[in-house]
There are 4 protein chains.
Amino acid sequence: MAKTIIGVMGPGNEPEEKDLQIAYELGKLIGQRSWVLLTGGRNVGVMDAASLGASEKDGLVVGVLPDKDRSRMSLHVDIPIVTGMGSARNNINVLSSDVIIACGTGAGTLSEIMLALKAGKDVILLNQSKNALDFLQSLESDLVHEASSAYEAITMAERLL
Amino acid sequence: MAKTIIGVMGPGNEPEEKDLQIAYELGKLIGQRSWVLLTGGRNVGVMDAASLGASEKDGLVVGVLPDKDRSRMSLHVDIPIVTGMGSARNNINVLSSDVIIACGTGAGTLSEIMLALKAGKDVILLNQSKNALDFLQSLESDLVHEASSAYEAITMAERLL
Amino acid sequence: MAKTIIGVMGPGNEPEEKDLQIAYELGKLIGQRSWVLLTGGRNVGVMDAASLGASEKDGLVVGVLPDKDRSRMSLHVDIPIVTGMGSARNNINVLSSDVIIACGTGAGTLSEIMLALKAGKDVILLNQSKNALDFLQSLESDLVHEASSAYEAITMAERLL
Amino acid sequence: MAKTIIGVMGPGNEPEEKDLQIAYELGKLIGQRSWVLLTGGRNVGVMDAASLGASEKDGLVVGVLPDKDRSRMSLHVDIPIVTGMGSARNNINVLSSDVIIACGTGAGTLSEIMLALKAGKDVILLNQSKNALDFLQSLESDLVHEASSAYEAITMAERLL
């Protein structure tokens, strides 16, 4: 039977320290609940930090890689999905997740938020820049939710499932 | 030799009247210049209006369809690229365009703007909502440009090529 | 750390009874070894039979779905990867698998065998039609292997890992 | 209005001299008919030879590239579709073509033949190896056709449109 899959999306390159810390906490909380963590699979930024957190709690980590091989894969990924299709894999990330948590602001992350809304998926915003937050709130979408901590985001995800 | 390809992206469903009018003008200006117009290929909204404009000026229209067949294709598409991959085709739209013009605001369009920035492509904004514009300007990206008319957008594209 | 992933590919529609039986055995043997089974994820044919076998042995089942939702998903899939990209997902199936076992003959399955060879992946053939087998052997590829039972295929996979 | 699109598929690497010659002739015949030639877009093998032929007759050439940029593009491509998705773009090649002509034998080409049959598209075989031909004929598919020259293939395509 299909497990609960929580997608954690966020900057790979040049993440803020705070993004990484929250992502790590998200990973731990997801692992503790025996949910599956789904990320973009790479060994950098929010993807890597969330994967580390989940693996420390024996959570299962699915990494949907943009590359055609595993050379840039996070060491904490249990199940690499090797797409070889670059950023087009962002759509797979959102379609495969029951709920998406967007941790931090970046072009790739924002593309995932938008693809999620297009696909009718709930998105929980965490640690977004003020400008991104103002904009995303202005969309007045029932699918956009806002949390102020990893714990609140997970509680919110629980309710949305 | 590769022709100049201008991608015009914008809302398919529930476009504003003004989006359609500008898209139609963009299409005409692109056709007049013997550039190729690239759109999402469907028979609705900005895609359809731009395609009509270009075809009226004997411009070539490439439609990158999300569907697996041509059933929802604009009648003004000359070259349908049938992807069968839904919104993941948005990444193909931006990778294949020399310059992207985003006409109007919507989740799909915003995903394309973000994928374009991620891929290092120039994006010209036209007729964006105030909130979207404020946000996109706040990114302070050299790739983001702003135009206030179809003609200005095309002149800008000319410079960027 | 990345788990071992074995892809089992085979006809979805109109499988032979023997395909289903071997696929079910493959699933059980994969589950027993704590490997991950990867299939095309649908609730028909070889995909479904292999998934049932693996789930009976508490193996983890990843289903890489062609559809944009889970409506045609096998009930035995633990981790649905929802691609929304039709047969283009066949390439993800092969890139994500450590070894591919092709059980039975069909156009989709043969496309996966060819994509696997193109990507340099080992393929174990099981229960192929005489014509398919003759042809695949004629390729004289080091990547093509032939087994005559589920057990032999699994032993072969073990050596190839 | 959608133009007629003929897909010419064949080996990129290590093509036989005869493959290249036939591909070049196919390109010329396609260009003469004002059909659009669609290929995998790269600057090698059958793709390149067919593109050269079509461009010599002022035919329009669409190249659906596997890469994320144009660095390996044939110089004879007019409209590059940049997919960045590797061999997964093979499915776009077949879905976008009205008829597919497979010129020469190779793993990539065979994956395209199989994806075409899966999608219900007509495929004309040219210059296939004896083994490939025997196998493809054994499928007894109404979609599989066999030609012995570029001219015959084009005449056949004309009938199938």
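What lysines could a cross-link reach from B:K18, if we take a straight Cα to Cα line under 20 Å and drop same-chain neighbours fewer than 8 places away?
In chain and number order, the partners are B:K28, B:K130.
What are the label-to-label distances in nm, one decimal and shortest first, from A:K130 to the same spot in the other copies, with labels 7 Å along Cα to Cβ?
Listed shortest first, these distances are 1.8, 7.8, 7.8 nm.
Rounded, prolate or oblate: which fits the protein assembly as shown when a ≥ b ≥ c are the square roots of the eigenvalues of the alpha-carbon gyration tensor, with rounded for a/c under 1.5 and prolate only if a/b beats b/c?
Oblate.
May I ask which residue of chain B has the beta-carbon nearest to the axis carrying chain B onto chain D, and at what distance in whole Å?
Output: B:I81, 3.
Explain nothing, just compute: Karplus ³J(HN,Hα) = 6.51 cos²θ - 1.76 cosθ + 1.60, θ = phi - 60°, for every residue of the stretch A:95-109 in order, whole Hz, x for Gly and Pro.
With the stated coefficients, the stretch A:95-109 comes to 5, 8, 9, 6, 9, 10, 10, 9, 10, x, 10, x, 4, x, 4 Hz.
Residues with amide H under 5 Å of B:L38's amide H, sequence separation 5 or more or different chain, H placed in the peptide plane at 1.01 Å from N; which?
Here B:I6, B:G7, B:V8, B:V62 satisfy the definition.
Rounded, prolate or oblate: pick one for the stretch C:1-79, where a ≥ b ≥ c are the square roots of the eigenvalues of its C-alpha gyration tensor, a/c under 1.5 means rounded, and failing that, prolate if a/b is larger than b/c, else oblate.
It is oblate, given that a/c is not under 1.5 and a/b is not larger than b/c.
Rank the residues C:I5, C:I30 as a footprinting-exposure proxy: fewest other Cβ atoms within 10 Å of their Cβ go first.
Lowest to highest Cβ neighbour count: C:I5, C:I30.
What is the order of D:E140, A:E112, A:E146, fewest Cβ neighbours within 10 Å to most?
Result, fewest neighbours first: D:E140, A:E146, A:E112.
According to a simple spin-label model (label point 7 Å from Cα along Cα-to-Cβ), what is the distance in nm between C:L133 and D:Q32?
4.6
Which whole-Hz ³J(HN,Hα) couplings does the stretch A:42-53 yield from phi under the Karplus relation 6.51 cos²θ - 1.76 cosθ + 1.60, θ = phi - 60°, glycine and proline marked x?
Residue by residue, the stretch A:42-53 yields 7, 8, 9, x, 4, 4, 5, 5, 5, 5, 4, x Hz.
For the stretch C:5-145, calculate the relative contact order in percent as a whole number, restricting contacts to Cα pairs under 8 Å that are 6 or more residues apart.
Computed over the stretch C:5-145, the figure is 23 percent.
One decimal, nm, shortest first: give the distances between the label point of B:K3 and those of the same position in the other copies, each label point 7 Å from Cα along Cα→Cβ.
0.6, 5.0, 5.0
Fewest Cβ neighbours within 10 Å first, please rank D:H76, C:H145 accordingly.
C:H145, D:H76
Pick out which of B:M114, B:M85, B:M73 has the largest mean-square fluctuation in a Gaussian network model of chain B, springs linking Cα atoms closer than 10 Å.
Evaluated over chain B, the most mobile residue of the options is B:M85.
Restricting to the stretch D:5-148, compute how many DSSP beta bridges are antiparallel as a %, nearest 5.
So the antiparallel bridges amount to about 5 percent of the total.
Report, for D:E146, each distance to the same residue's label point in the other copies, shortest first and in nm; define the point 7 Å along Cα→Cβ.
Ordered by increasing distance: 2.3, 6.6, 6.9 nm.
Taking square-rooted eigenvalues a ≥ b ≥ c of the alpha carbon gyration tensor, is chain D rounded, prolate or oblate, where a/c under 1.5 means rounded and, failing that, a/b exceeding b/c means prolate?
The shape class here is rounded.
Calculated from DSSP H runs of 4 or more alone, at -39500 (n - 2.57) each and per residue, what is the 222 nm mean residue ellipticity of chain D, nearest 500?
-13000 deg cm²/dmol
On a C-alpha basis, how far is the centre of the stretch A:142-161 from the centre of the stretch C:59-102 in Å? Whole number, if you could?
Cα centres, the stretch A:142-161 to the stretch C:59-102: 28 Å.
From the phi angles alone, apply the Karplus equation (6.51, -1.76, 1.60; θ = phi - 60°) to the stretch D:144-155 and give each ³J(HN,Hα) in whole Hz, x where the residue is Gly or Pro.
For the stretch D:144-155, the Karplus-derived couplings read 9, 10, 10, 10, 10, 7, 4, 4, 5, 4, 5, 4 Hz, x marking Gly and Pro.
Amide H neighbours of D:E146 under 5 Å, at least 5 residues apart or on other chains, H built in the peptide plane: list them.
So D:E146 has HN proximity to D:L125.
Under 10 Å, Cα contacts only: if you run a Gaussian network model on chain D, which one of D:T105, D:T83, D:T39 comes out with the highest mean-square fluctuation?
Fluctuation is largest for D:T83.
Every number here is computed from the coordinates shown, using simple stated rules; none is lab data. Model, not experiment: these values are computed from the prediction. Cβ atoms come from the backbone with ideal geometry, glycine included; neighbour counts cover every protein chain shown.
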